[in-house]
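Right, one structure below, let's go through it.
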Amino acid sequence: MPPGLTVLILSLLLGLQPLTTDLYLPALPALTQGFGASMPQAQLTLTALLLAFGISQLIWGPLSDRFGRRPILLLGLGVYLLAATASALAPNMQMLIVWRTLQGAAMGAAVMCARAIVRDLYTPAQGARVMSKALSGLGVLACLGPPLGGLLALWFSWRVALLTLSLFGAVSLGLIALRFAETVPQKNFNALKLATLMRTWLRIGRHPTFVAFSALSTASYGGLFTFLAASSFVFIKVLGWSSGGYGMLMFSNALAYLAGTFLCRYWLSRVGVRRALARAGALSVTGGSLMGVLALAGVQSSWAIMLPQYLFMLGHGVHQPCSQSGAIGPFPQSAGAASAMNGFLMMVAAFLVGSWLGTHMDGSIFPMVLGIWFWSVLVALVAWTLVQRYGKTGAP
C-alpha cells in the first residue's frame, strides 16, 4: 500500500474510538433525561463500551496474529456497523447499554489492528513518526466529532448523532474491503495455543519497555477520559453551556491534541523519543496542576478549566504516539498481542475512572478537575522516571 493510503487507513481505524466516545457526549444529558435514566446509567453507556473495548482486544490480538489483520478488520467493522445502527434505534437505556457494549467490543478490532499494523510495517523509530501522523488524522476526526454531535443533537436528536457512527463504520469497512492489503509478514500458527498464549502474555507483561510505555499511555488516557466522561455534565449542567456550545468547546480540546501530534513530530526529529516525552510530561503536569490550584482557589470559570486543559492535551498529543508505538516495539512477532495488552490497560483505567465519576459527581467541577490533576502528576512521574530508564529498547 502507498504510504499515504496507509496513514489514511490508520487514521480512520484509530479515529473510530474518539468518534464513538465523543460524538454523542453533547447529547448525553438530553439522552439521560429522555430515557428517565440516572447519571450512573448514563456513564455506563460510555464505561461499558470502553470496558468491552479493552477486554475484546485481548481476543482480537492473538486472532490477528494467527489469521492476519485483514479478516479481523472485516469482521470487527461489520459487527461495529450492526451495533452502531442498533444503538441509534434502542428503545430504552438498558438496550442502549447492551448495543454500545457490543459496539465497543467490535471497535477493539479496528484500534488494536491499527497499532499492530504500524509494527508490521515499520521499525520502532519509524513507527513513532507514522503513529504521530495517523493520530493527527485521529485529531481531525476528534475535532469534528463533538461539534457535529452537538449540532445533530440540537437540530434533530441524539439518535441521529449515534446513527452518524453507522455511516463512518460503513465507510471504514468499504475502504478496508477494497484497498487494504494484508500486513502480517508471517502468520503465527501457534498464536492461539493456550501454552503459547500464556508465554506470550507473560513475556510482554514482564518486559520493562512495555511496562514503561504502557504506564505512560494508560496514565495519559486516564486524564483524557476523566475530562471526556465528566465534561458534558460540568459544562452543560454546572456552567450553563448549550449542547452546541459544548460541542465547540470539545472541538477546541481536540484541536489542542492535534497541535500536540505536530509538536510530537517536531520534537522527535530534534531530541528523540525520551526527551520529547520528558518535555511533554512537563506540559501535562503544568496543565493539571494549574487547573486544580485555580479550582481550589475558587476560580471556577470555563476558561480556568479549558486553558490548563489545552496544556494537558498538548502533552497528550506527544505521549500517545510515542507510548503506543514504543510499547509494541520490542515484539515484532506478536505485535497483535502486545497492542491488545496495551489497549486493555488503557481501557481498564477508563472503566475505573468512569465508574468512580458515576458515583462521585456531586454537581460541582471538583471530581473532574481533581481527577485530571491526579493523572497529570502520574503522567509526569512515569515520563521522567520509567520511560527515561527503560524506554530505549522500544524506541531510541
Quick check on Val234: is it at pLDDT below 90, surrounded by fewer than 16 Cβ atoms within 10 Å (Cβ to Cβ) and part of a helix (DSSP H, G or I)? no
Taking the range 147-179 and the residues there that are under 24 Å from Asn253 (Cα atoms) and of a type in the set (Val, Ile, Thr), the one that is modelled with the lowest pLDDT would be Val160
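For the range 78-86, does any single residue satisfy the condition of being closer than 27 Å to Thr261 by Cβ and free of Cβ contacts under 8 Å to residues at least 40 places away in the same chain? So that I can check it myself, show each step before the final result.
Filtering the range 78-86 down to residues closer than 27 Å to Thr261 by Cβ leaves 80, 84.
Now restrict to residues that are free of Cβ contacts under 8 Å to residues at least 40 places away in the same chain: none.
The answer is no; no qualifying residue exists.
Residue by residue through the range 72-114, note down the ones that are outside any helix (DSSP H, G or I) and buried (at least 18 other Cβ atoms within 10 Å of the Cβ).
Result: Ala90, single match.
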Scan the range 363-380 and tell me whether some residue there is without any contact (Cβ under 8 Å) to a residue 40 or more places away in the chain, over 21 Å from Ile204 (Cβ atoms) and part of a helix (DSSP H, G or I).
no
Taking first residues from the range 197-212 that are loosely packed, with under 14 Cβ neighbours inside 10 Å and second residues anywhere that are of a type outside the set (Val, Ile, Thr), the pairs with Cβ under 7 Å that are 6 or more apart or on different chains are Gly205/Met341
Of (1) farther than 28 Å from Ile236 by Cβ; (2) at pLDDT 95 or above; (3) among the polar types (S, T, N, Q), Ser289 fails just (1)
Scanning the range 3-21 for residues that are polar (S, T, N, Q) and under 13 Å from the mean Cα position of the chain (by Cα) gives Ser11, Gln17, Thr20, Thr21
Selection from the range 54-71 of residues within 20 Å of Leu345 (Cβ to Cβ) and either among the small types (Gly, Ala, Ser) or buried (at least 24 other Cβ atoms within 10 Å of the Cβ) (or both) yields Gly54, Ser56, Gln57, Trp60, Gly61, Ser64, Asp65
Per the filter on the range 249-261, residues of a type in the set (Phe, Trp, Tyr) and either at pLDDT below 85 or surrounded by fewer than 16 Cβ atoms within 10 Å (Cβ to Cβ) (or both) are Phe251
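The values are calculated or read from the model by the stated rules, or taken from the named source; none is laboratory data. Since the model is a prediction, treat every value here as computed from it, not as a measurement. Using ideal geometry, Cβ is built from the backbone for each residue, glycine included, and neighbour counts are taken over all protein chains shown.
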